[in-house]
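The values are calculated or read from the model by the stated rules, or taken from the named source; none is laboratory data. These figures come from a predicted structure and were not determined experimentally. Every residue, glycine as well, gets a Cβ built from its backbone with ideal geometry; the counts of neighbours run over all protein chains shown. The protein model used for the area step is the full one, side chains on, heavy atoms only, and it has no ligands, DNA or RNA in it. Shrake-Rupley method; radii C 1.70, N 1.55, O 1.52, S 1.80 Å.
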Amino acid sequence: MSTISKIVPFRSGAHIVETACSSLALAARGLNTLEAKFSDREFSAAFVRLVGTIINVRGRVIVTGIGKSGIVARKMTATLTSNGTPALFLHPADAGHGDLGMVTPDDVVLMLSHSGESTELGPIIHYCKRFGIPLLAMTAQARSTVAEAADVCMLMPAVREACPNMLAPTTSTTLQMAFGDALAISLMEMRGFSADDFYKFHPNGRLGAQLVKVRELMLAGNDVPQVCEDSSLLDATIEMTRARLGGTAVVNQGGQLIGAFTDGDLRRAVTGKQNLTVAVGRVMTVKPQTIGPNELASEALRIMHDRNITLLFVCEDGDLVGALHMHDLLHAGVA
């Protein structure tokens, strides 16, 4: 019978939950320890150098690591790339078989190794030294090969692994992952990476839909229902029915939005026995909620939810330029 499939003594549900909570507690303590490291002058200075080196590099960040550190390195590569820092993952096992060719003199190498002694990393270290490529490192061992070879070394704190045998990388990889996110966010801040920039790299899926601008979804031109303030209640109702948006804009002679007339306004007017010849300006909703064309579609959805409305008029410098309905947002996947 293999070690993996051997029968173990039964553990109660409470014991199982206790084990899981203990693992999470160790991870939380590890993250707190990492955060506290930034209070250390030497560590924070190294981090500033790390960010500065990456910001100033003309090429890409080549992220590398083996084993669990390699998996974290892949995730870090994806996060950096999607947030404005061009990055590539280099597998150490393939590096010495031709993949070192992807590393150019304009690049910088970021090496992850908990022990700092993985033999597979040797060819990459040698290559960086030979061709003067900056080597950045994350390791937990100050006197390791990786630490001593690095131009900038982030010495990660010693933490207790959640593994009961203290062998499987658990807490340590959690710290690596969190540090990678902290690095990516710091680089975003330094670059002034905006929501517009983010949308360029995430055009698909729900995330991309939330970053679409109102201008891209709104109705414009003749599709926007509108009447003048002196139009009759009947004319406003006809215009509202034509557009099928549940409302119409009310504008002044200059084309500026001054009110809105909705299904709700119509019901209140009929209940109040208003004559259909009365001017819509007398029964409209004054100063309706609006949004600008360059606002995010997700912001439009938030406004609709908060105000319990389904129609927003889009204005630019006071002028009516469009209309946006809840259905347009839902159809586009903004939810």
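Data overview
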{"quantity": "Conditions (1) touching a helix residue (DSSP H, G or I) at 6+ places or on another chain (Cβ under 8 Å); (2) open to solvent by 10 Å² or more (accessible area, probe 1.4 Å); (3) in contact (Cβ under 8 Å) with a residue 60 or more places away in the chain; number of the one not met by residue 76", "calculated": "(2)"}
{"quantity": "Those residues of segment 89-103 which are part of a helix (DSSP H, G or I) and either of a type in the set (D, E, K, R) or at pLDDT below 90 (or both), in sequence order", "calculated": "94, 99"}
{"quantity": "The listed residue being hydrophobic (A, V, I, L, M, F, W, C) and not in a strand (DSSP E or B), out of 260, 236, 323", "calculated": "236"}
{"quantity": "Residue 147 vs. criteria open to solvent by less than 50 Å² (accessible area, probe 1.4 Å), modelled with pLDDT of 95 or more, in a helix (DSSP H, G or I) and out of contact with any Phe, Trp or Tyr (no Cβ under 9 Å at 6 or more places or on another chain)", "calculated": "yes"}
{"quantity": "Selection from segment 267-280 of residues that are surrounded by fewer than 19 Cβ atoms within 10 Å (Cβ to Cβ) and either touching a residue at least 24 places away in the same chain (Cβ under 8 Å) or assigned to a loop (DSSP other than H, G, I, E, B) (or both)", "calculated": "272, 273, 274, 275, 276, 277, 278, 279"}
{"quantity": "Counted residues, segment 161-187 - those being open to solvent by 40 Å² or more (accessible area, probe 1.4 Å), modelled with pLDDT under 90 and farther than 17 Å from residue 65 by Cβ", "calculated": "4"}
{"quantity": "So residue 93, is it without any contact (Cβ under 8 Å) to a residue 24 or more places away in the chain, open to solvent by 10 Å² or more (accessible area, probe 1.4 Å) and of a type outside the set (Asp, Glu)", "calculated": "no"}
{"quantity": "Filter result for residue 117 (acidic (Asp, Glu), closer than 22 Å to residue 185 by Cβ and either under 22 Å from the mean Cα position of the chain (by Cα) or open to solvent by 60 Å² or more (accessible area, probe 1.4 Å) (or both))", "calculated": "no"}
